[in-house]
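The values are calculated or read from the model by the stated rules, or taken from the named source; none is laboratory data. Here the structure is a predicted model, which means the values were calculated and not measured. So basically every Cβ, Gly included, is an ideal-geometry build from the backbone, and we count neighbours across all protein chains shown.
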Amino acid sequence: MDDPRPGLLQEARAIWSALRGVAHDRVELAALETRIAGESLARMVAAGILIGLLLLSAWLAILAAGVVGLVAAGVHPGWALLIAALVNLGGAAGLFFLVRRLARNLAFPGTVRSLRNEHPGAIATSEVH
């Protein structure tokens, strides 16, 4: 009788070699896509910064137009500038309080509470904004 082991061993080696090749191809693909994703993220951040700068310049132009309009309407230039500054400060304060309220969600309050067994099985959806 012929021993089936040499053929079985060759098939096992062939399968192992094929698996290594597939794994290598997948790892290489993941590495290439990771590089592309990193480059894309860097470009997106750069574009975001440029967008922010353009929006800032547009906002400053709108404020300047408002100041010019107030001065043309007879408001003293100093008061017009003060009004523009107060508009900026009001917007900044509103955004500050929004960020402060949203920051609570970064602490995963429902998850922490459930891990502490304070309210087992209860999910507080009112805290998620």
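Brief remarks on what is shown
- Within the range 87-110, residues that are among the hydrophobic types (A, V, I, L, M, F, W, C) reach partners that are surrounded by 11 or more Cβ atoms within 10 Å (Cβ to Cβ) with beta carbons closer than 8 Å, at six or more positions or on different chains, in the pairs 87/63; 87/66.
- Residue check for residue 47: at pLDDT 95 or above, part of a helix (DSSP H, G or I) and touching a helix residue (DSSP H, G or I) at 6+ places or on another chain (Cβ under 6 Å): no
- Residue 74 falls short on exactly one of the conditions (1) surrounded by fewer than 10 Cβ atoms within 10 Å (Cβ to Cβ); (2) in a helix (DSSP H, G or I), and that condition is (2).
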